[in-house]
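Data block below; observations after.
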């Protein structure tokens with residue numbers, strides 16, 4: 001099936017990096033596709049949002065933290081074919097945010113060194129991004 005605009009999904013993700021160089025990952029909750037797998041926080045870009053605006057909104061909704069656009073540094077992107085759609089996902093790095101990470105969607109979260117991300121069951125689209133994080137951070 002050829003890829004069309006109708007079946008390309010634009011999502012955005014963030015590698016939140018703490019003072020010890022660890023990256024936050026969240027576990028997809030029961031009831032969602034790929035439940036139990038781990039991912040970088042983020043979500044779908046809606047309407048006329050830019051990826052940065054969408055990411056700021058998603059981080060507030062999912063983790064209750066405040067991020068400014070100036071603190072988002074683009075790092076890489078994922079392009080992954082799922083059965084139902086093709087995902088295009090820019091990945092940003094953020095080292096500074098306001099507030100404490102408090103999961104808002106019943107998801108487990110954990111902080112891991114980039115090299116340890118290879119040891120968790122990440123969603124397929126996020127897996128290729130791990131090496132870039134390991135080599136960059």
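Annotations for the structure displayed:
- Checking residue 79 against (1) surrounded by fewer than 16 Cβ atoms within 10 Å (Cβ to Cβ); (2) within 23 Å of residue 106 (Cβ to Cβ), the condition it does not meet: (2)
- Flag: residue 47 does not match the condition of being under 30 Å from residue 6 (Cα atoms) and under 12 Å from the mean Cα position of the chain (by Cα).
- Top-ranked residue in region 4-31 [being surrounded by 15 or more Cβ atoms within 10 Å (Cβ to Cβ) and part of a loop (DSSP other than H, G, I, E, B); ranked as modelled with the lowest pLDDT]: 28
- Qualifying residue in region 45-57 (condition: touching a helix residue (DSSP H, G or I) at 6+ places or on another chain (Cβ under 6 Å), farther than 23 Å from residue 111 by Cα and surrounded by 18 or more Cβ atoms within 10 Å (Cβ to Cβ)): yes
- The listed residues are 34, 1, and the only one of them that is at pLDDT below 95, surrounded by 12 or more Cβ atoms within 10 Å (Cβ to Cβ) and farther than 12 Å from residue 92 by Cα turns out to be 34.
- Search result, residues across region 62-71 that are outside any loop (DSSP other than H, G, I, E, B) and either more than 13 Å from the chain's Cα centre (by Cα) or closer than 14 Å to residue 95 by Cβ (or both): 66, 69, 70, 71
- The one condition from (1) within 16 Å of residue 90 (Cα to Cα); (2) touching a strand residue (DSSP E or B) at 6+ places or on another chain (Cβ under 9 Å) that residue 28 does not meet is (1).
- Positions within region 82-100 being in a loop (DSSP other than H, G, I, E, B), modelled with pLDDT of 95 or more, surrounded by fewer than 18 Cβ atoms within 10 Å (Cβ to Cβ) and touching a strand residue (DSSP E or B) at 6+ places or on another chain (Cβ under 8 Å), in sequence order: 95, 99
The values are calculated or read from the model by the stated rules, or taken from the named source; none is laboratory data. Here the structure is a predicted model, which means the values were calculated and not measured. No Cβ is skipped: glycine too gets one built from the backbone with ideal geometry, and neighbour counts run over all protein chains shown.
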